[in-house]
Amino acid sequence: MFRRLTISILVLAGVGGLAACGSPAKGEIERGRQLLNDNKREEAFAAFDAAVTLDPNNAEALAGRGCSRPFSDALPAIADLDRAISLDPKSFRAYRCRAEARRTAGQRDAALADAQKAVELDPSQAYGHVTLGNVLDEMDRTAEAIPEYDKAIELDPKLANAYNQRSIARSRLHDDAGAAADVDKAIELDPNYGPAYASRATSEAFGGDCAKAVADADKAITLDPGFPTAYGARALCRGDAGDLDGALADAEKAIALGRNDAFSFWLRGLIRAERGDKPEARADLLRAIDLAPTTDFAADVRALMAEYGLQ
């Protein structure tokens, strides 16, 4: 039986839009805004990139390009958002997106400062509270994250992203019923919201229901192939079925997509340990501890390393 560690370290990101301004780049900014709202990140990036070419000092175009970059481009995103903020120090979206990019890059304290600044600039924006919740959850301050998601839902009761993020936080707090209700609500509100299927697939995979997990993971990947969590859920189930090559491919895909999270490195380390790739497995598991150095998690991973002779 493929071995599991009961953890739920998931990183999901929200998306937002940008208002257009009166400039030669206005049309591309409008187009990018709509594409980003539709979660078409690659097309949105192309539109905002064209806007930056037309107007290199347009703060909205730079913020839009930073917000729409793939997760693996966290550092270039931060550079775009730094420029946007220097041009418009009151840009809510630039601070919010920089918080998410810094979170992905592992810059937790800086991410928290940006998320708090975004909420300060516009407390009426639901996505700002979602981002602040995400950063707090990433910092193992999950109990503090829940009220931020609650506030986001109060401001926008139809925001699928807020329900999905709250489901992840509730899962980490062992509120399985609340987590399941939230992720189902996210899918009800937006049947094409891939991250919610990925969240449900992860819960199902850890719960041992791999038939449902693989179906939800495949659905998530179809809807949003650039979102990494679904690959991790599918890797768990492929490993359980003895398909270590397939599991490794999925785990590597999750890491390649740029989510610098402990779950993906723990998973790849476990798969490599099962394959007998001990030096690589040890490096991954140590990286997982480094990314999520909570006492219980670190102890569990070190126990796993001892079991496989990786100390």
Considering only residues that are under 14 Å from GLY27 (Cβ atoms), of a type outside the set (Gly, Ala, Ser) and touching a residue at least 12 places away in the same chain (Cβ under 8 Å), which ones fall in region 41-70? PHE48, ASP49, VAL52, LEU54, ASP55, ASN58, GLU60
Across region 215-237, which residue is nearest to ASP38 (Cα to Cα) among those that are buried (at least 23 other Cβ atoms within 10 Å of the Cβ) and among the charged types (D, E, K, R)? ASP216
Sole exception among (1) touching an Asp or Glu at 6+ places or on another chain (Cβ under 9 Å); (2) open to solvent by less than 30 Å² (accessible area, probe 1.4 Å) for LYS158, by number: (2)
Read through the list (1) touching a helix residue (DSSP H, G or I) at 6+ places or on another chain (Cβ under 7 Å); (2) touching a residue at least 40 places away in the same chain (Cβ under 8 Å), then give the number of the only condition that ASP73 fails. (1)
Do we have ALA299 as assigned to a helix (DSSP H, G or I), at negative phi and crowded, with 20+ Cβ neighbours inside 10 Å here? no
Is there a residue being buried (at least 22 other Cβ atoms within 10 Å of the Cβ), outside any helix (DSSP H, G or I), in contact (Cβ under 8 Å) with a residue 12 or more places away in the chain and charged (D, E, K, R) anywhere in region 92-114? no
ASP284 - would you say it is open to solvent by less than 10 Å² (accessible area, probe 1.4 Å) and either among the basic types (Lys, Arg) or under 23 Å from the mean Cα position of the chain (by Cα) (or both)? yes
Search result, residues across region 61-76 that are touching a Lys or Arg at 6+ places or on another chain (Cβ under 8 Å), assigned to a helix (DSSP H, G or I) and either of a type in the set (A, V, I, L, M, F, W, C) or within 19 Å of GLN34 (Cα to Cα) (or both): LEU62, ALA63, GLY64, GLY66, CYS67, SER68, PHE71, ALA74
Could you grab the pairs with beta carbons closer than 7 Å, sequence gap of 6+ or different chains, first residue in region 291-311 and closer than 12 Å to GLY269 by Cα, second one surrounded by fewer than 16 Cβ atoms within 10 Å (Cβ to Cβ) and modelled with pLDDT of 90 or more? LEU310/LYS278
Taking ALA143 as the residue in question, decide whether it is touching a helix residue (DSSP H, G or I) at 6+ places or on another chain (Cβ under 6 Å) and without any contact (Cβ under 8 Å) to a residue 40 or more places away in the chain. no
For region 275-289, enumerate the residues that are closer than 13 Å to LEU304 by Cβ and in contact with a helix residue (DSSP H, G or I) (Cβ under 6 Å, 6 or more places away or on another chain). ALA281, ASP284, LEU285, ALA288, ILE289
Residue list for region 1-32, restricted to those being buried (at least 23 other Cβ atoms within 10 Å of the Cβ) and either of a type outside the set (A, V, I, L, M, F, W, C) or modelled with pLDDT of 95 or more (or both): GLY14, GLY16, GLU28, ILE29, GLY32
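The values are calculated or read from the model by the stated rules, or taken from the named source; none is laboratory data. All of these numbers come straight from a predicted model, not from anything done at the bench. With ideal geometry, Cβ positions are generated from the backbone for all residues, glycine too; neighbour counts draw on all protein chains shown. Ligands, DNA and RNA are stripped out before the accessible areas are found, and what is left, the full protein with its side chains, is counted by its heavy atoms. Shrake-Rupley method; radii C 1.70, N 1.55, O 1.52, S 1.80 Å.
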